[in-house]
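The values are calculated or read from the model by the stated rules, or taken from the named source; none is laboratory data. Keep in mind the model is a prediction, meaning the values are calculated, not measured. Neighbour counts are summed over all protein chains in view; Cβ atoms, including those assigned to glycine, are modelled from backbone coordinates with ideal geometry.
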Amino acid sequence: MIRTFICLAAAVVVGACATTAPTPDTIGQRFAGKSYVLLGEVHDSAAAQQQRLQALTRAVEAGWRPAIAMEQFDRERQPDIDRARRERPRDVDYLIAQASGKSGWDWALYKPVIALALQYDLPLLAANLSRADAAKIVRGGFGDVFATSQQKTLGLDRALPGDLVAAQTATLDAGHCGHFPKTMLPGMLNAQAARDAVMAETLRPYASRGAVLIAGNGHVRRDVGVPRWLGDDARVISVGYLEMDSPDAGYDTVVRVPTKDREDPCKGAVMAK
């Protein structure tokens with residue numbers, strides 16, 4: 001019992017208790033030579049994002065020059081990112097103002113990653129499927145957003161694998177406090193698959209130089225996230241930045257950070273079945 005507590009408190013590498021926590025230096029040293037480095041986050045955890053930034057910075061300072069793809073930018077915003085960089089190459093605030101849209105992200109947390117990309121002139125990629133497109137898929141399927149040829153390219157032209165459906169269903173249900181509307185399930189599963197497939201496709205052209213994905217922990221999980229759509233296990237590394245009470249399955253490496261004090265989202269939650 002005491003050993004278990006020490007492991008959690010110290011930050012644990014996937015699968016077993018480590019005598020020392022993975023540091024930004026040791027994690028960053030693993031990035032060079034990988035085609036895809038998937039770095040997760042707890043969206044409102046500054047501690048998690050600081051740990052991630054340090055690892056990425058160490059790798060870049062050591063000479064690695066990857067493209068950086070971000071969930072926080074919808075794919076339609078790529079022209080805005082490129083234009084902002086031409087107009088003001090080192091102005092992080094200007095880029096965010098031009099390319100963030102009406103999103104609810106806390107951009108103060110993401111400014112350092114964007115600044116790193118601008119400082120080293122790294123490709124900065126808008127990786128996410130927009131909420132509007134996701135909603136279309138929920139209502140009408142992949143064909144409401146992607147042409148048939150695009151569906152084939154993305155790998156969305158066939159039924160979702162059973163294990164992926166089961167795992168994502170459990171995740172959706174847990175995220176909705178056990179009250180997820182079952183009638184919405186097929187559409188929501190399709191939308192989640194589309195997000196991960198689009199992120200994978202955004203990374204793929206940059207495999208030879210290395211591509212980093214900045215995204216939520218669920219997107220970087222090997223078992224259900226973007227790696228399922230990349231299909232190149234040997235060249236992928238997935239790092240989950242998790243709070244102490246989160247399960248650690250699905251990552252190559254886990255970094256533990258303190259759990260933020262939040263109101264219980266399931267308190268009094270009731271949703272229509």
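Across the stretch 223-254, the qualifying residues are those that are part of a loop (DSSP other than H, G, I, E, B) and within 20 Å of Q72 (Cα to Cα), and the one among them that is modelled with the lowest pLDDT is V224.
So how many residues does the stretch 61-97 have that are out of contact with any helix residue (DSSP H, G or I) (no Cβ under 6 Å at 6 or more places or on another chain), basic (K, R) and in contact (Cβ under 8 Å) with a residue 40 or more places away in the chain? The qualifying residues number 2. Kindly evaluate L56 against the criterion of being within 17 Å of the chain's Cα centre (by Cα) and surrounded by 20 or more Cβ atoms within 10 Å (Cβ to Cβ). It is true that L56 is within 17 Å of the chain's Cα centre (by Cα) and surrounded by 20 or more Cβ atoms within 10 Å (Cβ to Cβ). The set of residues in the stretch 37-49 that are touching a Leu at 6+ places or on another chain (Cβ under 7 Å), assigned to a strand (DSSP E or B) and more than 15 Å from G250 (Cβ to Cβ) is empty. In the stretch 59-87, the residue that is farthest from V42 (Cα to Cα) out of those that are of a type in the set (G, A, S) and assigned to a helix (DSSP H, G or I) is A84.
Restrict the check to the stretch 223-240 and report whether at least one residue is among the basic types (K, R), within 16 Å of M70 (Cα to Cα) and in contact (Cβ under 8 Å) with a residue 12 or more places away in the chain. Quick ask: steps written out before the conclusion?
Taking the stretch 223-240 first, the residues among the basic types (K, R) are 228, 235.
Now restrict to residues that are within 16 Å of M70 (Cα to Cα): none.
No, because not a single residue in the stretch 223-240 is among the basic types (K, R), within 16 Å of M70 (Cα to Cα) and in contact (Cβ under 8 Å) with a residue 12 or more places away in the chain.
Find the residue count for the stretch 183-206, including only residues that are of a type in the set (A, V, I, L, M, F, W, C) and without any contact (Cβ under 8 Å) to a residue 24 or more places away in the chain. Don't jump to the end; show me each part of the working.
Residues of the stretch 183-206 that are of a type in the set (A, V, I, L, M, F, W, C), as a first pass: 184-185, 188-189, 191, 193-194, 197-200, 203.
Now drop any that are not without any contact (Cβ under 8 Å) to a residue 24 or more places away in the chain, which leaves 185.
Number satisfying all stated conditions: 1.
Go through (1) modelled with pLDDT of 95 or more; (2) assigned to a helix (DSSP H, G or I); (3) of a type in the set (K, R) for R3 and report which single condition fails. The failed condition is (1).
Quick check: anything in the stretch 188-210 small (G, A, S), assigned to a helix (DSSP H, G or I) and more than 20 Å from the chain's Cα centre (by Cα)? Scanning the stretch 188-210, I find no residue that is small (G, A, S), assigned to a helix (DSSP H, G or I) and more than 20 Å from the chain's Cα centre (by Cα), so the answer is no.
Scanning the stretch 88-114 for residues that are more than 22 Å from the chain's Cα centre (by Cα) and in a loop (DSSP other than H, G, I, E, B) turns up R88, P89, R90, D91. The requirement of being out of contact with any Leu (no Cβ under 8 Å at 6 or more places or on another chain), over 11 Å from Q192 (Cα atoms) and not in a helix (DSSP H, G or I) is fulfilled somewhere in the stretch 161-170, by at least one residue.
Among the residues making up the stretch 62-100, none is in contact with a Ser or Thr (Cβ under 9 Å, 6 or more places away or on another chain) and loosely packed, with under 14 Cβ neighbours inside 10 Å.
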